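The values are calculated or read from the model by the stated rules, or taken from the named source; none is laboratory data. Here the structure is a predicted model, which means the values were calculated and not measured. Neighbour counts are summed over all protein chains in view; Cβ atoms, including those assigned to glycine, are modelled from backbone coordinates with ideal geometry. Ligands, DNA and RNA are stripped out before the accessible areas are found, and what is left, the full protein with its side chains, is counted by its heavy atoms. Shrake-Rupley method; radii C 1.70, N 1.55, O 1.52, S 1.80 Å.
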Amino acid sequence: FKSHIAALTFLLLFVFVLIFTGLDDSVLQVDEGGDTFISTTILKYGFPMHSDGLNKTMLFADIFDGIFIYRTWLPYYLQSISLNFLGNNTFAARLPFALAGFFSIFSLYHLAIRLTQEKSIAVFSATLLATCVPALLYFRTSRYIALPILLTPILLLFYIGIFEKKKWSPIPLTVTSIVFFHTMYVEFAGLIIGILVHLFIYRKEAEPT
């Protein structure tokens, strides 16, 4: 048991260094800049806007009466909170998504334990994510992408509770689903369809005894 805790602790420290070291060393890329611009309009107007009154971004994006409706808003509000408290800088722009990436390692570890009851498999699963270069790059990117990576294992954790022979509350699953939908509805749709198909096939196992 102690060896697995030590392994997880080392892994979290390792991935913390990889994600947060030099987080603001490079300027925001084009997509990062566009998303961050939308977040700054929240600080000015309270809503994600297509323009700040002087500049515009994402000219291809859907708008309604000047309001940005091309994507769901939760990532922009999270980023705007960071910008509000830490200032309009690169570190603040990327921080919420870096934190989401960091905590996704622990979330995947916990999901693997629940599914397999094997701590070694959980450590291995978390290690694969922690050493996945594309994932690490996304964790260091000022965009929504890290949030679904975090929310996926969390949603699955609440879902598999249906099959455990103990009292199950739908509230955590419902709340997480709402948050996930307002983070990125396309990825949420794919996951929830998979969950519903699985539940349909194994619905008898989910029935209380």
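Observations, loosely collected:
- Within region 95-109, being in contact with a helix residue (DSSP H, G or I) (Cβ under 8 Å, 6 or more places away or on another chain) and open to solvent by 50 Å² or more (accessible area, probe 1.4 Å) holds for PHE103, PHE106.
- Test: residue in region 110-117 that is open to solvent by less than 30 Å² (accessible area, probe 1.4 Å) and either modelled with pLDDT of 95 or more or farther than 23 Å from TRP73 by Cβ (or both): yes
- Candidate set from region 60-72 (those that are in contact with a Ser or Thr (Cβ under 9 Å, 6 or more places away or on another chain) and assigned to a loop (DSSP other than H, G, I, E, B)); member that is modelled with the lowest pLDDT: GLY66
- Of all the criteria given as (1) assigned to a helix (DSSP H, G or I); (2) of a type in the set (Gly, Ala, Ser); (3) surrounded by fewer than 16 Cβ atoms within 10 Å (Cβ to Cβ), the one not satisfied by SER169 is (1).
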